[in-house]
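Colleague: Below is one structure. I have some questions about it.
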Amino acid sequence: MRNDNYYKMDMREMQFVLFEQFKLQNLSEHALYQDWDRQTCEMLLDQGLKFAYEKAGPTFGMAEEEEPLFNPEDCSVTINSYFKDAYKVGVEESGWHSVMVPEKYGGEGAPNSLCNAIYEFISGASPTLHMFLGGPGVIANLIIEHGTEEQKEFWTNNLINGKWNGTMVLTEPEVGTDVGAIKTKAVKQEDGSYLIKGNKIFISNGEHDVNDNIIHLVLARPEGAVQGSKGLSLFIVPKMRLDSNGETTNVKNDVICGGIEDKMGIHGSPTCSLYFGENDSCQGFILGDGTEGIGLKQMFNLLNEARIATGHMANSQAAGAYYNALAFARERIQSPEFHNMRNPEAPKVPIIKHPDVRRMLLEMKSRTEAGRALVFKLCMHVDKKEIFKESDPETSEKHARQVDLLTPLVKSFLSDQAWRVCELAIQTHGGYGYLTDYPVEQYARNVKILSIYEGTNHVQALDFVGRKLPRNAGEDFRNLISEIKAFTADNKDNSALGKEVEKLDQMVDLMVEKSVVLMAWMSPEKMSLIPANANYILEMVSLITCAWLILDAGIISADALASLKDNHPDIDFYQGKIASAQFFCRHLLPEVVQIANLLAEEDMSFINIKEESFSTTW
Ligand SMILES: Cc1cc2nc3c(=O)[nH]c(=O)nc-3n(C[C@H](O)[C@H](O)[C@H](O)COP(=O)(O)OP(=O)(O)OC[C@H]3O[C@@H](n4cnc5c(N)ncnc54)[C@H](O)[C@@H]3O)c2cc1C
């Protein structure tokens, strides 16, 4: 069995982001997180990294070698025993599945930022194990958020203790992006429960034997409800029926797995087709007080969390690919250095000495560091939203809106650039990168799904342009821009990165100037320019936001560097952070100019081209 452990992580980088850039330790000044001082946080981080290295890492290769097995006789799915063991250790010894669940419901109640640092370790080491460990907490949190008191009591205990797992169930054979068209039916019964009937596909971890029950959260349309998304309700549908104490019985709830998909990546996670109510005996319970038609709204909480997790997982995988490419580049000997190319006597050097390899490495480093900073900027808003919920609802709301604004950036930009980073990691390896003997091709296959599920990246772009930008008359976006402008005003003269800060400042002005075109595109003849350019707009805002955060990191590093004595072990680290900021602003940020020009051009060529003209042969 292939159990090679490829996981690599730089704990110094995570410490920098959490404690030097975003000051996680200061959260303990507030009652909600008073137990989470720096020492406690560091202890949990160490445990998380140990778990990632020792338990999660070996399952990375196993996900490919010992894939989940569908058993047609009883429609069950068997997962290999090492995964099950790693899940058990993750739950029983460390509680990683519930670290984010509030304490009063039996979780750890840790700050979101800290939980996400640990999730970065686990998902970087093994995305499929992370999907199993992440399931119970997110499903429990949704029931906690929208369920009645009885539902919370009845359904969440066994999720929070990790005995059960959970899924989110939207997709149907003819319904992907167009969620409002869901056909699965729900027929109300006299006792208030519903009979669920419909065929769902592509359900991650929809059937398996890691847990003794699976709680499916199913979007379905109650009988007589209106068409479209306003007619959908959300149902709690267990795989196995429960007794009156909320414990699993051995009575099946008529949820049948029809098979698992043979797919490109994340091979350890079974992607299942599920038949609900083939025998007219699938019982579901509407989430909440019984109000129908609010299912998609309820699901959005989970979807938003899932979107953040998706972008974060993409960045974690990309970072794994980068560290592996770096290790390879330090070892692989090839050719003399450029200035010695014509000298047959010159020593051959590790490829990290070649300028083009260094360019690729620094692009991977700066993209993943900028991505990490973006994730933790968002997590800090989540933590502050929670901290001020009761004492200062207005401040809490401001943070909540920044979470909403940044979510599509995290989901889209990070999953798109993860694909680019993995491609560079393969390129750095040369031919070896194309072989399954090295992990980078697996990272690439794993990350590709992340721009597709939880709403394709175009769905994120439409959400950003159509909802997030104009929300509150544009105030949320203006708040983000003001924060960036305040930063550029304060740091234009910075001796290490002043020029890059100046460039960012110009790009922000250009973006603001060009975004006005959106208003002009409201007319019927130009309307299609909005969806046509939505991805570009999201990319432009993401580039600027990431440039701001990586410059912030660079300036903190330059300041820290100034006070260090020669030979201090942190010198190389801080210099690396400055180099990342320079690279991002010099090589990646200028794409903003190209996008701005494109917006001004109002290019309709790909809208106007006749469908026949794409190819006249087929
Ligand atoms: C490995 C895997 C795991 C998954 N896990 C789950 C899960 O756990 N639960 C679940 O419910 N689903 C899951 N899915 C399904 C996933 O969420 C969908 O695949 C995704 O939402 C896209 O839907 P689709 O595949 O039908 O593509 P389509 O909706 O057919 O889209 C195809 C293309 O057309 C574009 N497109 C579609 N509509 C529009 C439009 N109106 N305007 C512009 N462009 C448009 C899309 O952006 C995309 O590029 C999973 C899928 C996979 C492959």
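Colleague: Take the conditions buried (at least 17 other Cβ atoms within 10 Å of the Cβ), of a type in the set (D, E) and under 14 Å from L599 (Cα atoms) and apply them to E539. Does it pass?
Modeller: Yes; evaluated as a whole, the condition is true for this residue.
Colleague: Within the stretch 184-209, how many residues are more than 16 Å from M168 (Cα to Cα) and either small (G, A, S) or within 16 Å of the ligand (Cβ to nearest atom) (or both)?
Modeller: Count: 3.
Colleague: Answer yes or no as to whether G162 is at pLDDT below 95, in a loop (DSSP other than H, G, I, E, B) and either within 16 Å of the ligand (Cβ to nearest atom) or touching a His at 6+ places or on another chain (Cβ under 9 Å) (or both).
Modeller: When the stated conditions are applied, G162 passes them.
Colleague: Something else about it: State all residues of the stretch 210-242 that are part of a strand (DSSP E or B) and more than 14 Å from the ligand (Cβ to nearest atom); if no residue qualifies, say none.
Modeller: If the condition is that a residue be part of a strand (DSSP E or B) and more than 14 Å from the ligand (Cβ to nearest atom), then N213, R221, P222, S233, I236, P238, M240, R241, L242 are the ones that fit.
Colleague: Restricting the search to the stretch 488-518, which residues are in a loop (DSSP other than H, G, I, E, B) and modelled with pLDDT under 95?
Modeller: As a first pass, look at the stretch 488-518 and keep what is in a loop (DSSP other than H, G, I, E, B): 492-497, 516.
Hit for the stretch 488-518 is V516, nothing else.
Colleague: If a residue has to be buried (at least 23 other Cβ atoms within 10 Å of the Cβ) and outside any helix (DSSP H, G or I) to count, how many in the stretch 80-98 make the cut?
Modeller: 3
Colleague: Please determine whether any residue of the stretch 523-532 is modelled with pLDDT of 95 or more and within 21 Å of Q417 (Cα to Cα).
Modeller: Yes, that holds for at least one residue.
Colleague: Across the stretch 290-304, what is the number of residues that are in contact with a helix residue (DSSP H, G or I) (Cβ under 6 Å, 6 or more places away or on another chain) and modelled with pLDDT of 90 or more?
Modeller: 4
Colleague: Name the single residue, out of those in the stretch 449-479 being under 14 Å from K398 (Cα atoms) and crowded, with 19+ Cβ neighbours inside 10 Å, that is nearest to the ligand (Cβ to nearest atom).
Modeller: K468
Colleague: Tell me the residue from A370, A400 that is closer than 24 Å to L543 by Cβ, hydrophobic (A, V, I, L, M, F, W, C) and either part of a helix (DSSP H, G or I) or not assigned by TED's automatic domain parsing to the domain that holds H267 (or both), please. Reasoning before the result, please.
Modeller: Working: A400 fails: closer than 24 Å to L543 by Cβ.
Going through A370, A400 in turn, just one is closer than 24 Å to L543 by Cβ, hydrophobic (A, V, I, L, M, F, W, C) and either part of a helix (DSSP H, G or I) or not assigned by TED's automatic domain parsing to the domain that holds H267 (or both): A370.
Colleague: Going by what's in this entry, would D566 be described as more than 29 Å from the chain's Cα centre (by Cα) and assigned to a loop (DSSP other than H, G, I, E, B)? Don't jump to the end; show me each part of the working.
Modeller: On the way: more than 29 Å from the chain's Cα centre (by Cα): yes; assigned to a loop (DSSP other than H, G, I, E, B): yes.
Here the answer is yes, as D566 does meet what is asked.
Colleague: For I555, which of the numbered conditions (1) within 26 Å of the chain's Cα centre (by Cα); (2) crowded, with 20+ Cβ neighbours inside 10 Å; (3) not hydroxyl-bearing (S, T, Y) fails to hold?
Modeller: So I555 meets the others, but not (1).
Colleague: Between a first residue in the stretch 159-175 that is in the same structural domain as T271 (by TED's automatic domain parsing) and among the aromatic types (F, W, Y) and a second residue that is within 16 Å of the ligand (Cβ to nearest atom) and part of a strand (DSSP E or B), which pairs have beta carbons less than 9 Å apart while being 6 or more apart in sequence or on different chains?
Modeller: Sorted first by the residue in the stretch 159-175, then by its partner, the pairs are W164/I214; W164/I215.
Colleague: Suppose we filter T78, T128 for residues that are in contact with a Pro (Cβ under 8 Å, 6 or more places away or on another chain), touching a residue at least 24 places away in the same chain (Cβ under 8 Å), of a type outside the set (A, V, I, L, M) and within 26 Å of D262 (Cα to Cα); which single one remains?
Modeller: Matching residue, one of T78, T128: T78.
Colleague: For I550, indicate whether it is part of a helix (DSSP H, G or I), out of contact with any Lys or Arg (no Cβ under 9 Å at 6 or more places or on another chain) and either modelled with pLDDT under 95 or of a type in the set (A, V, I, L, M, F, W, C) (or both). Quick ask: steps written out before the conclusion?
Modeller: On the way: part of a helix (DSSP H, G or I): yes; out of contact with any Lys or Arg (no Cβ under 9 Å at 6 or more places or on another chain): no; either modelled with pLDDT under 95 or of a type in the set (A, V, I, L, M, F, W, C) (or both): yes.
It is false that I550 is part of a helix (DSSP H, G or I), out of contact with any Lys or Arg (no Cβ under 9 Å at 6 or more places or on another chain) and either modelled with pLDDT under 95 or of a type in the set (A, V, I, L, M, F, W, C) (or both).
Colleague: Mind checking which residues of the stretch 319-346 are in a loop (DSSP other than H, G, I, E, B) and surrounded by 11 or more Cβ atoms within 10 Å (Cβ to Cβ)?
Modeller: Within the stretch 319-346, R332, Q334, S335, P336, E337, A346 qualify.
Colleague: Could you list all residues from the stretch 429-447 that are in contact (Cβ under 8 Å) with a residue 60 or more places away in the chain and out of contact with any helix residue (DSSP H, G or I) (no Cβ under 6 Å at 6 or more places or on another chain)?
Modeller: Within the stretch 429-447, G430, Y432, T436, Q442, R445 meet the criteria.
Colleague: Among the residues in the stretch 421-438, are any out of contact with any Asp or Glu (no Cβ under 6 Å at 6 or more places or on another chain), within 12 Å of the ligand (Cβ to nearest atom), in a helix (DSSP H, G or I) and more than 24 Å from M131 (Cα to Cα)?
Modeller: Looking through the stretch 421-438, none of the residues is out of contact with any Asp or Glu (no Cβ under 6 Å at 6 or more places or on another chain), within 12 Å of the ligand (Cβ to nearest atom), in a helix (DSSP H, G or I) and more than 24 Å from M131 (Cα to Cα).
Colleague: Give the residue, chosen from E150, E174, that is farther than 30 Å from H458 by Cβ and either surrounded by fewer than 21 Cβ atoms within 10 Å (Cβ to Cβ) or among the small types (G, A, S) (or both).
Modeller: E150
Colleague: Is it the case, given these coordinates, that M62 is in contact with a Lys or Arg (Cβ under 7 Å, 6 or more places away or on another chain) and either in a strand (DSSP E or B) or buried (at least 19 other Cβ atoms within 10 Å of the Cβ) (or both)?
Modeller: It is true that M62 is in contact with a Lys or Arg (Cβ under 7 Å, 6 or more places away or on another chain) and either in a strand (DSSP E or B) or buried (at least 19 other Cβ atoms within 10 Å of the Cβ) (or both).
The values are calculated or read from the model by the stated rules, or taken from the named source; none is laboratory data. The structure presented is a predicted model; accordingly, all values stated were derived computationally and were not measured. Ideal geometry is used to build each Cβ from the backbone, glycine not excepted, and the neighbour counts take in all protein chains shown.
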